[in-house]
Amino acid sequence: MNDEGPVLRYVSSNDLGETFSKAIDLDVDDPIGRVDVKFIDADHALLVWMENESKEGALIKGGVVGFEKGMMDSQTLVRTGNSRSSGFPKIEI
């Protein structure tokens with residue numbers, strides 16, 4: 001856990017929110033948030049989110065999370081601005 005700044009975490013539930021999995025830290029570098037999630041199958045999801053890169057810039061990152069394994073693979077997809085006007089990344093499948 002990162003006590004010095006924001007952290008992007010993932011939890012899941014398979015009983016309509018009665019209980020939740022243990023939180024998985026996905027990004028501890030400097031995430032802005034603005035997360036979109038699409039489920040691939042019963043055990044995996046595709047996520048995109050924004051992470052601060054500099055005072056004016058941000059990265060749109062993407063990755064596959066396994067509900068039991070945590071982040072399986074992530075990478076930088078594109079650089080963008082970090083102001084609110086830069087928008088919200090969305091996954092289209």
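The values are calculated or read from the model by the stated rules, or taken from the named source; none is laboratory data. Note that this is a predicted model, so its numbers are computed, not measured. When we count neighbours, we look across all protein chains shown, and the Cβ atoms used for this are built from the backbone with ideal geometry, even at glycine. Remember, those area values only see protein heavy atoms, side chains included, never the ligands or the DNA or RNA. Shrake-Rupley method; radii C 1.70, N 1.55, O 1.52, S 1.80 Å.
Looking at region 1-68, none of the strands (runs of 3 or more DSSP E) lying wholly inside it contains 2 or more residues that are modelled with pLDDT of 90 or more, of a type in the set (S, T, N, Q) and exposed (fewer than 14 other Cβ atoms within 10 Å of the Cβ).
Scanning region 76-91 for residues that are under 11 Å from LEU47 (Cα atoms) and open to solvent by 40 Å² or more (accessible area, probe 1.4 Å) yields one hit, LYS90.
The requirement of being among the aliphatic types (A, V, I, L, M) and within 9 Å of the chain's Cα centre (by Cα) is not satisfied by LEU59. Do the conditions hold for THR80, that is, is it in contact with a helix residue (DSSP H, G or I) (Cβ under 6 Å, 6 or more places away or on another chain) and not in a loop (DSSP other than H, G, I, E, B)? Here the answer is yes, as THR80 does meet what is asked.
If you go through region 53-77 and keep only what is out of contact with any Lys or Arg (no Cβ under 9 Å at 6 or more places or on another chain) and over 20 Å from ILE24 (Cα atoms), you end up with SER54, LYS55, GLU56.
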